[in-house]
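Here is the structure we will look at.
The values are calculated or read from the model by the stated rules, or taken from the named source; none is laboratory data. Predicted model, so just to flag it, every value in this text is computed and none were measured. All Cβ positions, even for glycine, are placed from backbone atoms using ideal geometry, and neighbour counts span all protein chains on display.
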Amino acid sequence: MKIVIAPDSYKGSLSSFEASKAIERGVRKALPDAITELVPVADGGEGTMDSLVAATNGRKVEVAVKGPLLDEVQAAYGILGDQETCVIEMASASGLCLVDPGDLNPLITTTYGTGELIQKALNAGCRKFILAIGGSATNDAGVGMLQALGMRILDDEGKTIGFGGAELLRISEINMEDFDPRIAESEFLIASDVHNPLVGPDGASYVFGPQKGASPVMVDILDKALSSWADLVEIKTGIHLHDKAGAGAAGGIGSAFQAFFRAETKRGIDIVMEYAKLREKMCDADCVFTGEGQIDYQTASGKTPMGVAQEAKKHGIPVFVLAGSIGTGIDSLYDHGITSVHSLVNAPMTLMEAMERGAEFLELSAEQVMRTFLASIKIRG
């Protein structure tokens with residue numbers, strides 16, 4: 001019997017690779033001679049670079065860049081096995097994970113470090129990029145990234161503006177004379193499942209600003225700043241970003257790629273499944289295990305379990321989801337290929353204990369689900 005094991009990471013507990021191994025151990029306790037295909041995956045957020053590098057036998061390059069608050073941070077970009085494609089996780093340079101909760105402030109956080117990562121990869125000869133843009137701490141429409149790549153963003157006195165979302169209100173000129181010409185020679189595939197526009201009640205500031213530390217007053221300022229920036233971009237390029245789908249992704253960095261890069265956007269999970277050849281590995285599978293830390297109504301928007309289940313459904317393969325916790329609104333998931341959802345926690349405990357024992361619980365849950373699956377086959381037979 002062939003079992004495909006394709007989980008995302010369990011944030012704060014297990015990487016997708018560690019989760020895969022734990023599930024495999026559980027499966028083999030129930031079925032020692034199982035044929036297992038381990039396919040650690042991600043959906044465009046944390047772990048996407050590692051998944052793609054591992055799937056293609058690539059390598060990582062560690063570099064120092066400016067973090068969201070301009071302090072130096074150690075980041076990395078991946079070179080895939082084709083030795084041509086560079087994969088960058090925006091979060092490694094401009095992510096929430098790099099800022100203490102008490103210091104979160106999208107008025108001042110910047111995407112400059114993401115631009116530095118792109119520049120360093122360009123210097124290494126890369127011209128084909130995959131950008132995973134989940135988990136940002138920023139709301140600057142990617143202006144910091146553009147500055148790092150040579151674009152001059154000027155105030156009404158012809159001086160370079162500072163960094164952060166609030167500074168966009170001071171912009172009066174976009175000067176592209178020194179914008180890195182290698183950008184025009186490059187292709188960018190943006191891994192994102194966010195379809196929000198740039199501005200307005202469904203835009204970057206109102207929907208995502210609060211989780212980045214924005215108060216209601218700050219949200220209003222940030223939305224006005226993004227609108228002002230979009231006005232200037234439209235004058236400069238003729239591209240109307242204000243209500244463009246996906247422009248609001250990652251604090252508006254989606255709009256920068258739409259306006260100034262040769263870029264295409266796809267769901268992160270679809271990109272990872274393609275490079276990991278998950279579709280091919282599913283062809284003769286008997287069942288699939290997937291999962292991540294939290295399963296709820298948001299899972300249907302393109303999270304890993306949904307992407308895996310949608311592919312498995314095409315082949316008529318049952319899909320078992322192992323979740324750290326189960327939230328509300330999961331009923332709709334069963335219409336998209338998910339067979340059942342199982343919580344890992346089996347007794348009252350703190351979140352910290354549950355995370356520390358993640359591998360143990362994942363192994364146990366996989367074993368129990370596998371035993372139930374085998375019994376159902378026996379009964380049907």
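Table for the structure above
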{"read-out": "One residue from V4, V73 being within 16 Å of L117 (Cα to Cα), in contact (Cβ under 8 Å) with a residue 24 or more places away in the chain and assigned to a strand (DSSP E or B)", "value": "V73"}
{"read-out": "Set T138, T160: member being crowded, with 16+ Cβ neighbours inside 10 Å, of a type in the set (V, I, T) and closer than 23 Å to E234 by Cβ", "value": "T138"}
{"read-out": "Flag if G67 is touching a strand residue (DSSP E or B) at 6+ places or on another chain (Cβ under 9 Å) and either aromatic (F, W, Y) or under 18 Å from G125 (Cα atoms) (or both)", "value": "no"}
{"read-out": "Failed item, numbered, when G26 is tested on (1) in a strand (DSSP E or B); (2) more than 19 Å from G251 (Cβ to Cβ)", "value": "(1)"}
{"read-out": "Scope region 79-134; condition in contact (Cβ under 8 Å) with a residue 24 or more places away in the chain, part of a helix (DSSP H, G or I) and polar (S, T, N, Q); matching residues", "value": "S92, S94, T114, Q119"}
{"read-out": "Scope region 191-219; condition in contact with a Phe, Trp or Tyr (Cβ under 9 Å, 6 or more places away or on another chain) and more than 30 Å from V41 (Cβ to Cβ); matching residues", "value": "V199, G200, A214, V219"}
{"read-out": "Candidate set from region 125-135 (those that are within 25 Å of K11 (Cβ to Cβ) and small (G, A, S)); member that is surrounded by the most Cβ atoms within 10 Å (Cβ to Cβ)", "value": "A132"}
{"read-out": "Qualifying positions in region 75-113 - buried (at least 20 other Cβ atoms within 10 Å of the Cβ) and among the small types (G, A, S)", "value": "A75, G78, A91, S92, A93, S94, G95, G113"}
{"read-out": "Failed criterion for V41 (all others in (1) surrounded by fewer than 23 Cβ atoms within 10 Å (Cβ to Cβ); (2) assigned to a loop (DSSP other than H, G, I, E, B) hold)", "value": "(1)"}
{"read-out": "One residue from A64, A22, A55 being among the hydrophobic types (A, V, I, L, M, F, W, C) and free of Cβ contacts under 8 Å to residues at least 24 places away in the same chain", "value": "A64"}
{"read-out": "Enumeration of residues in region 188-222 that are crowded, with 23+ Cβ neighbours inside 10 Å and either hydroxyl-bearing (S, T, Y) or within 15 Å of V143 (Cα to Cα) (or both)", "value": "S192, L198, A204, S205, L222"}
{"read-out": "Number of the exception - V319 against (1) without any contact (Cβ under 8 Å) to a residue 40 or more places away in the chain; (2) over 13 Å from A6 (Cα atoms); (3) touching a Phe, Trp or Tyr at 6+ places or on another chain (Cβ under 9 Å)", "value": "(2)"}
{"read-out": "Meets criteria (in a helix (DSSP H, G or I) and surrounded by 22 or more Cβ atoms within 10 Å (Cβ to Cβ)) for L146", "value": "yes"}
{"read-out": "Qualifying position, being over 22 Å from L189 (Cα atoms) and of a type outside the set (S, T, Y), among E37, E46", "value": "E37"}
{"read-out": "Helices (runs of 4 or more DSSP H) within region 276-371 that include 2 or more residues farther than 18 Å from S15 by Cα", "value": "278-282, 304-314"}
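Here is a yes/no grid of residues against (1) buried (at least 24 other Cβ atoms within 10 Å of the Cβ); (2) at pLDDT 95 or above; (3) aromatic (F, W, Y):
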{"site": "S13", "(1), (2), (3)": "no, no, no"}
{"site": "S16", "(1), (2), (3)": "yes, no, no"}
{"site": "R28", "(1), (2), (3)": "no, yes, no"}
{"site": "T56", "(1), (2), (3)": "no, no, no"}
{"site": "V73", "(1), (2), (3)": "no, yes, no"}
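Residue by residue, here is whether (1) in contact with a Lys or Arg (Cβ under 9 Å, 6 or more places away or on another chain); (2) modelled with pLDDT of 90 or more; (3) of a type in the set (S, T, Y) holds:
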residue: A312; (1), (2), (3): no, yes, no
residue: I317; (1), (2), (3): no, yes, no
residue: F320; (1), (2), (3): no, yes, no
residue: S325; (1), (2), (3): no, no, yes
residue: G329; (1), (2), (3): no, no, no
residue: L333; (1), (2), (3): no, no, no
residue: H342; (1), (2), (3): no, yes, no
residue: P348; (1), (2), (3): no, no, no
residue: R357; (1), (2), (3): no, no, no
